[in-house]
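The values are calculated or read from the model by the stated rules, or taken from the named source; none is laboratory data. Here the structure is a predicted model, which is why all the values come from computation and not from measurement. When we count neighbours, we look across all protein chains shown, and the Cβ atoms used for this are built from the backbone with ideal geometry, even at glycine. For the accessible areas, the whole protein counts, side chains as well, though only heavy atoms, and no ligand, DNA or RNA atoms are used. Shrake-Rupley method; radii C 1.70, N 1.55, O 1.52, S 1.80 Å.
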Amino acid sequence: MRQYMKYFLLPLAVVAILLAVPGRASAQASVVAGTLPDGATFLIEVPANWNGTLFLYSHGYVAPGKPNPAMDVGDMATRFFMLASGFALAGSSYATSGWAIQQALPDQIAVLDLFTHAVGKPTRTIAWGHSLGGMITAGLIQRYPDRFDAALPMCGVLSGGIATWNTALDSAFAFKTLLGAPGLQVVNITHPVDNLELAEGLLAAAAGTPQGRARLSLVAALGDTPGWFTPLSPEPAPTDFADQQANQFLWASIVDFPFAFALRAELEFRAQGNPSWNTGVDYRVQLEHSADAAEVRALYEQAGLDLDADVKVLNETARISADSHAAAYLTENITYNGEIHIPVLTMHTTGDGLVVVENERAYRQVVREKGNERFLRQTFVSRAGHCAFTPAETITAVQALLSRLDTGKWSPLDVTDLNNNAEGLGPSFNIFPNPGGVIVPVAPAFVKFEPTQYLRPFDADDRDRDEE
């Protein structure tokens, strides 16, 4: 979500500092830009010392009505490093904003074709991207496997479209059932702005009482929302449940509710119906598997509420069924089948409340089921925030992926080595914008981490079983 990320479009002063780094080649590049037949714009940058490798960048979600320029990299500092190192960069805007998977996949391939025509055929092509762009990256290598040599999905929606929106429905359903008003719409949203305003009012009211906060923790737990929000803040202690819930409130009010109660309408318009369902879901089991289960139990006890009674209400409330044609649209755009046969390295922050880190577990599981785990490695950064990586962490991930391509085998990806490599890039790349927008130095934060299971998994095998 670009309006949340404000993702590392560093000020010109920072770029000027980078250009003055001793021993760095100029980041100047030849630029090719234009418009595809479907209206998407594209951007290609090729340095004078091009080494033959092309990185195709897929950008994240852009809300309808927001500016949607073509992007070929996630931040200016990484752009400088990549061009100075001889890598070409390319990317498109996609023909539409919103849940633009259907348009993004062919548009990105069209950019590859244009690159070959305008510049030449790359010796290696690597897909990379952030957030929805991480999802598109994984989709590109699945749908067009012969066009890519490696991939780096970052903070990606790697559980797939069905799983993601089903999980969002679980939280929205619990919110409406336990705290909502009759007029609140969780699917088939007809007036998204009014619907979001109603949801936010109910959210604020609930946050004002211990009982409301306990129920909000249950809502958060059904989506595995982390209790850590601000990137440069320390993570709350494991038993600091009040602070965790306060951070989950921030995720809900600033980031997640706009998707659940407003932007869902854009997806439903595309799919021509509701693509999500919670029929057959046992919310008692979902809570038991949630990373936030201990917090929920503690806050319910403190508030004097009966958790079993509320879960019983959720399990006995009338469920929501999907429109089959809409679910088929979302399955196509996109669900993963685990068929990867090129090196794929993922990266995710552990405190991501928009695209939760459990997405990585879902993707790994489907890849493992197809026997392709040898192609996949996953890295984690201990930080709150969505796509909250420093340029140094991003570049370190790029270098690890290139090493796999060059040597034919994965390095151990030891977190100490990764952090040392990132630190070695120097202070100009180990930076992050704090909440006030001021760029501050940040230590690399790669960490060994194991996500809990994704609560509502769905993959291509599920789709095939549904069609039988």
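Brief remarks follow.
- To put it simply, the accessible area of the chain at a 1.4 Å probe is 55 percent carbon and sulfur.
- Arg383, Arg297, reordered so the largest accessible area comes first (probe 1.4 Å): Arg297, Arg383
- Note that the chain presents 39 Å² accessible area per residue, ligands and nucleic acids not counted, probe 1.4 Å.
- Mean-position separation - Cα centroids, the stretch 292-316 and the stretch 332-381, in angstrom: 31
- Computed with a 1.4 Å probe over protein heavy atoms only, the accessible area of His289 comes to about 80 Å².
- Against the criterion of solvent-accessible heavy-atom surface with a 1.4 angstrom probe, Thr125, Thr209, Thr416 sort, most first, into Thr416, Thr209, Thr125.
- Solvent-accessible area of Val438 with every protein chain in place, 1.4 Å probe, in Å² to the nearest 10: 90
- Ranked by solvent-accessible area (1.4 Å probe, protein heavy atoms only, all chains present), the residues Lys312, Lys176 order from largest to smallest as Lys312, Lys176.
- Per-residue ellipticity at 222 nm computed for the chain from its helices equals -13000 deg cm²/dmol, with DSSP H segments shorter than 4 residues left out and the rest contributing -39,500 (n - 2.57).
- Label point distance in nm, Gln102-Arg319, each placed 7 Å from Cα along Cα→Cβ: 2.7
- With a cut-off of 13 Å on the backbone N, the residues of the stretch 35-68 near the modelled label site 7 Å out from Val193 along Cα-Cβ are 65.
- Bridge orientation summary for the chain: considering DSSP beta bridges with both residues in this region, about 40 percent are antiparallel.
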